[in-house]
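Undergrad: Structure provided below as structure tokens; questions to follow.
The values are calculated or read from the model by the stated rules, or taken from the named source; none is laboratory data. Worth saying up front: this structure is predicted, and the values here are computed from it rather than measured. Neighbour counts run over all protein chains shown; Cβ positions are idealised from the backbone, glycine included. Side chains included, ligands, DNA and RNA excluded: accessible areas come from the protein's heavy atoms. Shrake-Rupley method; radii C 1.70, N 1.55, O 1.52, S 1.80 Å.
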Amino acid sequence: MVDDLRKYLNHLLEKVNGLHCILITDRDGVPLVRAATDKAPQAALTPNFISTFGMATDQASKLGLGRNKTIISMYSSYQVIQMNKLPLVITFIGSDNCNTGHILSLENQIEPFLKDLATVVAEAP
Amino acid sequence: MEKELDRVTDEIMLTPNVTGCIFADHQGLCLAAKGNAHVDSAGLIVAISEQACKIQPNLKPPTINLEADKKQCLIQRHGTITGMEAAIFVNND
């Protein structure tokens, strides 16, 4: 299952220009599936970077606008798009000029694969 | 701020056979959408336009016509760096 998903993520990486990495983790930042090119920044792949999203999305959900779904962080040379699919977190890392809208539209395509993975993570002790 | 864009969108929607209209910025983020144009398609429209521009990079961006049995989708880019993408969905009848 995970191999198929990894292959699919690699296929998506090729489809979007400037997308360096797709990462599916649990909310603590533990990687479950990873597809990355060699351009992906190592600092952004560490659990402490990814787990920060867990806190940020919790805080953003308290702003009175409903549950936070996505956080887009633009840096000088990268953009990081993180999606709240609790208990899973999807992280996309791309170049600063990468097509943000195209990455956001990948959500619908990845979603069907997440159901089984989310069940496994939710049942883990 | 977006009043002018809304006005243009409404104007386009009044054209006969037009069923939808969407505007996106160069990052693929939707600026305005009306009719049967889906907000999520903004990114894909910009991606299609980017690929088409690579065919002849020295010329100005082409207008793309995606033609199906019953519908057409016309995509046009305005400006190069901070450009805007417009897509119009038209019925063939």
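Undergrad: Find the accessible area per residue for chain B; the probe is 1.4 Å, ligands and nucleic acids are left out, and the unit is Å². If you can, show how the numbers build up before the last one.
TA: Numbers: 5870 Å² over 93 residues.
It amounts to 63 Å² per residue over chain B.
Undergrad: Related question: Report, as an integer, the average count of C-beta atoms from other chains found within 10 Å of each Cβ along B:36-43.
TA: Working: counts 0, 0, 1, 3, 5, 2, 6, 9.
Per residue, the number of nearby Cβ atoms from other chains is 3 on average.
Undergrad: Would you mind giving the total buried accessible surface between chains A and B, with a 1.4 Å probe and ligands, DNA and RNA left out, rounded to the nearest 100 Å²? Numbers along the way, then the final one.
TA: On the way: alone 6950 and 6270 Å², together 12410 Å².
So the total buried area for this chain pair works out to about 800 Å².
Undergrad: Mind checking which lysines have their C-alpha under 23 Å from B:K3, skipping anything on the same chain fewer than 8 residues away?
TA: B:K34
Undergrad: Taking the solvent-accessible surface of protein heavy atoms with a 1.4 Å probe, what is the per residue accessible area of region A:61-120 in Å²?
TA: Values: 2910 Å² over 60 residues.
For region A:61-120, the per-residue accessible area is 49 Å².
Undergrad: Applying the Karplus parametrisation 6.51 cos²θ - 1.76 cosθ + 1.60 with θ = phi - 60° to the phi angles of region A:77-84, what ³J(HN,Hα) value in whole Hz is obtained for each residue in order, glycine and proline being reported as x?
TA: 10, 9, 10, 10, 10, 10, 10, 8
Undergrad: Round to a whole number: what % of the accessible area of region B:3-91 belongs to carbon and sulfur, probe 1.4 Å?
TA: It is 59 percent, rounded to a whole number.
Undergrad: Can you give the average number of partner chain beta-carbon atoms within 10 Å of each beta-carbon in peptide B:44-55, as a whole number?
TA: Working: counts 4, 3, 4, 7, 1, 0, 3, 1, 0, 0, 1, 0.
For this peptide, the per-residue mean of nearby foreign Cβ atoms is 2.
Undergrad: OK, next. Please work out whether region A:53-92 counts as rounded, prolate or oblate from its C-alpha gyration tensor, where a ≥ b ≥ c are the square roots of the eigenvalues and a/c under 1.5 means rounded, while otherwise a/b larger than b/c means prolate and anything else oblate? Kindly include the intermediate steps, with their values, before the conclusion.
TA: Values: a/c = 2.63, a/b = 1.52, b/c = 1.72.
Here region A:53-92 falls in the oblate category.
Undergrad: Right, next: A:V16's amide H: which non-local residues (gap 5+, or another chain) put their own amide H closer than 5 Å, with H modeled 1.01 Å from N in plane and none for Pro or chain starts?
TA: So A:V16 has HN proximity to no qualifying residue.
Undergrad: Oh, and also: Please label the shape of region A:2-115 as rounded, prolate or oblate, based on the square roots a ≥ b ≥ c of the eigenvalues of the alpha-carbon gyration tensor (a/c under 1.5 means rounded; beyond that, a/b larger than b/c means prolate, else oblate). It would help to have the intermediate numbers written out before the result.
TA: Values: a/c = 1.45, a/b = 1.26, b/c = 1.15.
Rounded is the answer for region A:2-115, as its axis ratio a/c remains below 1.5.
Undergrad: Mind listing the long-range amide H neighbours of A:N68? Cut-off is under 5 Å, sequence gap 5 or more, other chains count too, H placed in the peptide plane at 1.01 Å from N.
TA: A:S61
Undergrad: Whole angstrom only: what separates the Cα centroid of region A:1-54 from the Cα centroid of region B:1-61?
TA: When both Cα centres are located, 30 Å separates them.
Undergrad: Accessible area of A:D38, 1.4 Å probe, to the nearest 10 Å²?
TA: Accessible area, nearest 10 Å²: 150 Å².
Undergrad: Something else: Cut-off 10 angstrom, C-alpha nodes, Gaussian network model of chain B. Which of B:A37, B:A47, B:A24 fluctuates the most?
TA: For chain B, modelled as a Gaussian network with Cα springs under 10 Å, the answer is B:A47.
Undergrad: Classify region B:3-91 from the C-alpha gyration tensor, please: rounded if a/c falls under 1.5, else prolate or oblate depending on whether a/b exceeds b/c.
TA: Values: a/c = 1.81, a/b = 1.30, b/c = 1.39.
Judged from the Cα gyration tensor, region B:3-91 comes out oblate (a/c at least 1.5, b/c at or above a/b).
Undergrad: From largest accessible area down, sort A:K69, B:K71; use a 1.4 Å probe on the protein chains.
TA: Largest to smallest exposure gives the sequence A:K69, B:K71.
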